[in-house]
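The values are calculated or read from the model by the stated rules, or taken from the named source; none is laboratory data. None of these values were measured; they are calculated from a predicted model. For neighbour counting, all protein chains shown are included, and Cβ atoms are generated from backbone atoms with ideal geometry for every residue, glycine included.
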Amino acid sequence: MKKLLLLIVLILIVWGAWKLLGNVKVENTANAETYKVGVMVPLTGDAAVYGEPALNLYRLALEEINEAGGVNGRKLELVVEDSKCNGKDGANASQKLINVDKVQVIVGGFCSSESLSAAPIAAAAKVTLFSPGSSSPALTNVSPFFFRNYPSDATQGKVLAEIAYNDKKWKNVAFIQEQTDYALGVNKAFSENFTVMGGKVTKEEFPSSTTDFRSILAKIKSQNPDALFVDSQTPAAAARIFKQLQDMKWSPKLLVSDAVSGDPETVSTYKTLLEDTLAAEFGNSNNSKFKHMVDIYKAKHNVEPPYQGYAQTEFDALFMVVDGIKTVGYNGAKLASWSRTIKEWEGASGKVTIQADGDRASGHVAKVIKSGKVELYK
């Protein structure tokens, strides 16, 4: 009888273990039935003002995609990492997404530093890196596994240099530039074009941790430039500069990067100082998909999406990934090759064509700040 009871207990233990393993197997199968897409966005620090709305847009796009049946019968799944708008964390985020989560495509980074550090890691693993926000000219042709649907800052710098020299007749422009890859890209593009035309550019750099700009601004003021270009990675850094310009009672002619002009709060708060300030932004689309993006974001979050130049490319990103998977499958190398075949893909950001160098074949348009609002420069 004791042997019989022991046998029954052993049978029950084996049966329970089999059921447990069976349940684990079902769960793993369910996970295998999704396509994982890595997402790299800055969610901490000053650059979180970009990352949070970007993530909101990715989630709205994800909801639409999955409600419509997903991709080839599978759901899309996002794996999100905080890349913190710097190269070190961008590299760490991409390594984790590739080596642990086994993704074949990463949407990101947002900041250029993130993408520049992640690009060689993705290329080595044959994973596609697709940025809707990184705009440094250094990313042009950086890797056959990298592409972006947001334009290079080569056009931002060129547009502003031409207006500054030919229209405004400025011959000497001073930069106050944050030490980031994005801000450096804007500076280099402007300087190269402005100096070729005959202008002169001087520059003072500052680390992102800087809070006191008085000595830098006093030095620039003493040089008596025709205009001052505030070239920061985030609107928070620019706002600190604007506040100290007001404290100095200095109102120079100004140019700003699109990271600054794209923030309605900063533009409104310093509207007197920023009156007639020049900027260059990726032009907002006015098609039905753009309007749809704005409507669903507002319905979900009670405000329109901020930084709409970035918002439209971010909203398009997952839909473009879906089309790539449908066309060539969930394979990083194939998706990278497919990206170079994108011609006039229609999204919220208008018609997207990706060139052989991985860049979008369109650029920035000139803007001007008037009465606390950003409008087209005429």
*For region 275-298, enumerate the residues that are closer than 14 Å to P53 by Cα and either touching a helix residue (DSSP H, G or I) at 6+ places or on another chain (Cβ under 6 Å) or surrounded by fewer than 21 Cβ atoms within 10 Å (Cβ to Cβ) (or both).*
M293, V294, I296, K298
_Please go through region 226-258 and give me each residue that is touching a Ser or Thr at 6+ places or on another chain (Cβ under 6 Å), part of a helix (DSSP H, G or I) and within 21 Å of S134 (Cβ to Cβ), ordered by number._
P235, A238
*Sort through S135, S113, S117 and tell me the only one that's under 20 Å from K367 (Cα atoms), touching a helix residue (DSSP H, G or I) at 6+ places or on another chain (Cβ under 6 Å) and either not in a helix (DSSP H, G or I) or not β-branched (V, I, T) (or both).*
S135
*asked:* Among the residues that make up region 75-96, is at least one of them modelled with pLDDT of 95 or more, assigned to a helix (DSSP H, G or I), surrounded by 24 or more Cβ atoms within 10 Å (Cβ to Cβ) and of a type in the set (S, T, Y)?
replied: yes
*When region 208-258 is examined, which residues are found to be over 21 Å from K271 (Cα atoms) and among the aromatic types (F, W, Y)?*
none
*Residue check: is K370 surrounded by fewer than 23 Cβ atoms within 10 Å (Cβ to Cβ), farther than 28 Å from G185 by Cβ and over 18 Å from the mean Cα position of the chain (by Cα)?*
no
*Answer yes or no: is there a residue in region 123-130 that is touching a Gly at 6+ places or on another chain (Cβ under 8 Å), farther than 26 Å from Q355 by Cβ and surrounded by fewer than 24 Cβ atoms within 10 Å (Cβ to Cβ).*
no
*Which condition breaks for L335 when tested against (1) among the aliphatic types (A, V, I, L, M); (2) buried (at least 21 other Cβ atoms within 10 Å of the Cβ); (3) in a loop (DSSP other than H, G, I, E, B)?*
(3)
_Please go through (1) touching a Lys or Arg at 6+ places or on another chain (Cβ under 7 Å); (2) in a helix (DSSP H, G or I); (3) modelled with pLDDT under 95 for T29 and return the number of the only condition it doesn't satisfy._
(1)
_Cβ contacts < 8 Å: first residue in the same structural domain as N99 (by TED's automatic domain parsing) and of a type in the set (K, R), restricted to region 73-88; second residue surrounded by 19 or more Cβ atoms within 10 Å (Cβ to Cβ) and assigned to a strand (DSSP E or B), any location; separation 6+ or different chain. Result?_
R74/Y35; K75/Y35
*Among the candidates T195, T202, single out the residue that is hydroxyl-bearing (S, T, Y), not assigned by TED's automatic domain parsing to the domain that holds K84 and not in a helix (DSSP H, G or I).*
T202
*Run A125 past the list (1) in contact with a Leu (Cβ under 8 Å, 6 or more places away or on another chain); (2) more than 25 Å from T180 (Cα to Cα); (3) of a type in the set (A, V, I, L, M) and report the number of the one that doesn't hold.*
(1)
*Working only within region 259-295, note down all residues that are more than 28 Å from L60 (Cα to Cα), part of a loop (DSSP other than H, G, I, E, B) and touching a residue at least 12 places away in the same chain (Cβ under 8 Å).*
Y270, K271, L273, L274, E275, D276, T277
*Of these, V142, V105, which one is of a type in the set (A, V, I, L, M, F, W, C) and buried (at least 24 other Cβ atoms within 10 Å of the Cβ)?*
V105
